[in-house]
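Q: Take a look at the following structure, please.
Each reported figure results from applying straightforward, stated rules to the coordinates on display, with no laboratory input. In this text the structure is predicted, and so the values were computed from the model without any measurement. Here the Cβ positions follow ideal geometry from the backbone for every residue, glycine too, while neighbour counts run over all protein chains shown.
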Amino acid sequence: MEDDSDPEQSSWADLPDVCLRHVFHWLDDKDRSRAALVCKKWSQAMYSGSLWRTRTITFSGQPSRAHMFEFKTALWYVKKFGKYLEHLEIKLLYPYNTVITQKFQATVRGLLSHLGKCNSRLISLSIKNLELDRLVWKNMVRAQFIKNLGTFLKRMSKHLDYLNLKGARVTLEEGCGLLNSLSCLTNKSFISEINIEDFFSLHLPVYSSTLFHQTMSKFHSLVILTFNYNCISDELLDILREHSAHSLCTLNIKCHIHDPHGQVVWGMSWANLAKRAPKLNVNFFFERVMSHDHLARILLVEIPVRSISLRSCYFSDPDWMMRPTLTNLLPAYWHVLQKLTLEVNNDHEVLDDELLQLILSCRRLFFLKVWAFLSVTFMERLLHNRAERKCFLTTIKVRLCASKLLLPSFFSSLLRGI
C-alpha cells in the first residue's frame, strides 16, 4: 500500500479521508479491524469518531458460548470507542434464565460505568423491553441494575436529550427514581423526548400518584412524550401546560385493557393544554379497549387527535358493537384526524357503509390501515371515491376478511370479476 510505484496501490493510498470513512461505515466491526491493519492511513480512519457515534448493542437471552461472547464484545467496544458515542441502544432479547440476567446486569454495569467516565457526548439512550417484573430477574440483580442505571442517568443528565425505557415494567417508586435522576443536579430537566410506554408494572393507577406528578413537574422542555393512559390525569395535563406548553408537539398514548383506564379526565384540562400548546398532536393506541363507553370517556372532543389505532387482538365478543364508535365517536375528529388504524374482529356486524362514511367525512385523513371483515365492494367504493377526490388518502393498507354475513356479496363480486 505504501509503494508509489504501483498505480493501483497508489490510488487506494490517496483515497480522500471522507471517501475512506464512507467505505468503513458499511463494514462490521470485524472487517473494520482487519482493514485497519492495511496501512497507517486506514488505521487512522478506523478511529474516526464519525464511525462510532451510533451503536446498537444486542444481547441474546439464550445460553450459548457464541452469545456469551457478545458480553465481552460490548465491553471491548465501549472501552475502545465509547468516547465517540452519541446514540446508544441496548437490547436484551428474551432472557432465558437468571444466569443471563445476572451476566447482563454485570456487563451493563461495567459498560455504563466506563461511559460515565469517558463520554460527554451521549444525547440518546434506549434500553427497551427489559420486563424487570419477570421471575428471571432476581430482586438483588434487578435492584442493582436500576441503581446503576440511575447513577448513569445522573452523570448524563446535562447532555441527554432522548430517553427510551419502554417496557421496563418497574414499580412506581423505582420508575420515579429513574426519572428523577435526570433532574437531580438542578432539580430541572430539559430533555426533549421520553418514552415510558409500559414503563410501570401492569395494573398500577399511576394517575393518582403524587410522586409521579412531582417527578413530571421537573421536565421543562418536553417535545415528545410517549406513555400509557394509566398515567393521564387532570394534574398531569396541568403540569404539561405549565412547564412544557412552549415546546410540546406530540403525546403518544397507549391504552391497554389490563391498565387502569377508568379515571375521569375533564375536557377542560385538555382544552387548556391545547390552547397553550398550539403545535400539540395526540396519537392514541388502543389495545383491546373496544367498548364504546370506555372509548367515549377517553376520546374527548377537546383533544387535538392526529392518529387513532384500535386493535382488538383477536378479541371477540358478540355483545360488542363497533358501529357506535364509527358513527358517534370518531366523526368528532373530522377536522383533525390524519391517520386511522382498525384491526377489529367484527364478524358479527357489517361495517362497510359506516366506515366509508367516516373516511369521507374526515377531511385531513391521509393514512388508512384496516384489518377487518369487509366486502370487496367496500374497497371498490373507496377507490372510486378516491379517484373522484372525495377523500384524500395517500396510503391505503387493507386486509379484507369474509364473514358469514358478507359471503353472498363476496361471491357475487367474484363472479362478476370472472
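Q: Can you list residues from other chains, or at least 5 along the same chain, whose modelled amide H is less than 5 Å from the amide H of Phe59?
A: Lys91, Leu92, Leu93
Q: How big is region 234-286 on each of its three principal axes, counting only the C-alpha atoms and giving the largest first in Å?
A: On the principal axes, region 234-286 reaches 33, 18, 16 Å in Cα extent.
Q: Summing +1 for each Lys or Arg and -1 for each Asp or Glu, what net charge is found among the other residues whose Cβ lies under 12 Å from the Cβ of Arg323? Before the final figure, lay out the partial values.
A: On the way: positive: none; negative: Glu349, Asp352, Asp353, Glu354.
Summing Lys/Arg as +1 and Asp/Glu as -1 gives -4.
Q: Calculate the dipole size of the chain relative to its Cα centre from +1 charges on Lys and Arg beta carbons and -1 charges on Asp and Glu beta carbons; express the result in debye to the nearest 20. Could the numbers behind the result be given before it?
A: On the way: 52 positive and 39 negative charges, 172 e Å.
Using only the charged Cβ atoms, the result is roughly 820 debye.
Q: For Phe190, what charge total do you get from the other residues with a beta carbon under 11 Å from its beta carbon, if Lys and Arg give +1 and Asp and Glu give -1? Walk me through the numbers before you get to the answer.
A: Numbers: positive: Lys158, Lys188, Lys218; negative: Asp161.
After counting each charged neighbour, the total is +2.
Q: Could you calculate, for region 167-251, the ratio of the Cα radius of gyration to the Kirkwood radius, expressed as Rg to Rh?
A: Rounded to two decimals, Rg/Rh equals 0.92.
Q: Please report how far the C-alpha centroid of region 308-367 lies from that of region 128-206, rounded to the nearest whole angstrom.
A: First find each Cα centre; the distance between them is then 35 Å.
Q: For region 79-175, what does the equivalent ellipsoid look like in terms of its semi-axes, each the square root of 5 times an eigenvalue of the Cα gyration tensor, given largest first in whole Å? Show your work: numbers first, answer last.
A: Working: eigenvalues 103, 42, 28 Å².
Square roots of five times the eigenvalues give 23, 14, 12 Å.
Q: On to the next question. When N counts the residues of region 301-370, how does its alpha-carbon radius of gyration compare numerically with 2.2 N^0.38 Å, as a ratio? Before the final figure, lay out the partial values.
A: Values: Rg = 12.0 Å, N = 70, 2.2 N^0.38 = 11.1 Å.
Expressed relative to 2.2 N^0.38 Å, the Cα Rg reads 1.08.
Q: I'd like the trypsin sites (Lys or Arg not before Pro) in region 271-311 restricted to DSSP loop residues with at most 15 other Cβ atoms within 10 Å, sorted by number.
A: Lys279, Arg288
Q: Could you work out how far apart the two model spin labels at Ser208 and Thr151 are, taking each label as a point 7 Å from the Cα in the direction of the beta carbon, and quote it in nm?
A: The answer from the label model is 3.6 nm.
Q: Can you compute log10 of I(q)/I(0) for region 209-264 with the Debye formula, treating each Cα as one identical point scatterer, at q = 0.16, 0.26, 0.27, 0.28 Å⁻¹?
A: -0.48, -1.14, -1.19, -1.24
Q: Helix 407-417 versus the longest principal axis of the chain: what is the Cα-based angle in degrees, 0 to 90, to the nearest 10?
A: 80 degrees
Q: Report Rg (one decimal) and Dmax (nearest whole number) for region 196-346, counting Cα atoms only, units Å.
A: Looking at region 196-346, its Cα Rg and Dmax stand at 15.1, 47 Å.
Q: Which translational diffusion coefficient, to the nearest whole µm²/s, is obtained for region 259-349 from the Stokes-Einstein equation, given a Kirkwood hydrodynamic radius over C-alpha pairs, 25 °C and 0.890 mPa s?
A: Numbers: Rh = 14.0 Å.
D, rounded to a whole number, is 175 µm²/s.
Q: To the nearest µm²/s, what D does Stokes-Einstein give for the chain at 4 °C and 1.567 mPa s, using the Kirkwood radius over alpha carbon pairs as Rh? The partial results should precede the final answer.
A: Working: Rh = 24.8 Å.
Rounded, D is 52 µm²/s.
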